[in-house]
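Shown next, in structure tokens, is the structure this report addresses.
The values are calculated or read from the model by the stated rules, or taken from the named source; none is laboratory data. Since the model is a prediction, treat every value here as computed from it, not as a measurement. We place every Cβ from the backbone using ideal geometry, glycine too, and count neighbours over all the protein chains shown.
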Amino acid sequence: MGLEIALPPELELFQEKILETSQSYIRLLPQEEGPTLPWESKIGGLPYLPAGAPPPAAPDGSLLTLLAQINFEEAPALPAFPREGLLQLYIHDDDSYGLNFDDPFDQSRFRVLYFRDISYDEDALQSGLSLRNEYFYLPIDPRRSYPLRFELAMEVVQPQDFRFNQIMGADFFDQFGEQKWELANQFGRAVRSHHHKMGGYAHFTQEDPRNPEMPMELLFQLSSDQAIGCQWGDMGIANFFICKEALEHRDFTNVMYNWDCL
């Protein structure tokens with residue numbers, strides 16, 4: 001899978017080094033709104049829940065809402081990611097979308113669930129699931145369900161990603177003097193990857209919240225998108241991160257949740 005980047009002439013000398021940072025990722029492509037099966041990959045809608053499995057809830061008992069679910073049997077293969085099973089991401093209907101800004105690992109008001117074995121027998125799943133008539137804060141309308149399709153793509157390191165400074169140097173753009181900000185903006189636009197996705201490099205409207213001492217992979221990213229009525233604050237974006245070893249062991253108990261906006 002080849003990758004071409006339209007770099008400004010001043011940065012062409014660094015093209016080889018930039019291309020060496022290439023990573024594959026799974027791009028998520030929401031389809032036209034419509035009914036979805038319980039086990040189908042989707043944004044919004046009703047979740048897949050085996051009979052007897054309690055719906056995820058906040059400490060006060062209020063139910064969390066399905067943000068997205070991924071059936072890996074429908075998705076292309078990506079290193080470290082599952083090849084089977086179903087991943088779900090839930091958030092809370094509050095003014096922070098379930099994020100504890102003091103502890104982004106706190107899953108009391110967001111939740112990441114993984115079902116290794118998927119049942120395609122509706123009789124083995126919970127029946128009677130329903131959604132409320134009204135939601136107040138959510139970035140999506142969960143009453144609308146958008147099936148997901150997937151494609152494998154490639155990208156290079158994003159300037160907001162903490163790894164950019166590690167690879168290119170924290171003062172990389174300083175060498176261009178008065179042009180530094182313009183070139184930094186041009187580069188950012190050339191490699192921008194704000195898509196809905198899994199894996200690859202994360203995009204931010206503010207800054208990368210990860211600690212370089214504890215590298216974490218991008219598990220899932222959902223952007224503001226008028227086509228699916230998604231809005232994180234003021235044209236923001238949400239990311240979920242996980243350590244590679246935990247991802248390989250299918251352990252989703254220690255996921256970092258982040259969203260930011262302009």
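Restricting attention to the stretch 141-159, the residues that are assigned to a loop (DSSP other than H, G, I, E, B) and either without any contact (Cβ under 8 Å) to a residue 12 or more places away in the chain or basic (Lys, Arg) (or both) add up to 2. Evaluate the stretch 189-210: report whether one residue or more is farther than 20 Å from residue 81 by Cβ, more than 10 Å from the chain's Cα centre (by Cα) and without any contact (Cβ under 8 Å) to a residue 40 or more places away in the chain. Yes, the stretch 189-210 contains at least one residue that is farther than 20 Å from residue 81 by Cβ, more than 10 Å from the chain's Cα centre (by Cα) and without any contact (Cβ under 8 Å) to a residue 40 or more places away in the chain.
Residues in the stretch 207-229 that are within 13 Å of residue 158 (Cβ to Cβ) and in a loop (DSSP other than H, G, I, E, B): 3 in all.
Which of the residues belonging to the stretch 1-18 are in a helix (DSSP H, G or I) and loosely packed, with under 14 Cβ neighbours inside 10 Å? Correct list: 9, 12, 13, 14, 15, 16, 17.
One residue stands out among those in the stretch 223-258 that are within 18 Å of residue 111 (Cα to Cα) and touching a Pro at 6+ places or on another chain (Cβ under 8 Å): the one that is surrounded by the fewest Cβ atoms within 10 Å (Cβ to Cβ), which is 250.
Quick check, is residue 116 free of Cβ contacts under 8 Å to residues at least 60 places away in the same chain and of a type in the set (Lys, Arg)? Answer is no for this residue. When each of 177, 188 is tested for being at positive phi and part of a helix (DSSP H, G or I), the lone residue that passes is 177.
Of all residues in the stretch 124-138, those satisfying the criterion of being modelled with pLDDT of 95 or more and closer than 18 Å to residue 51 by Cα are 124, 125.
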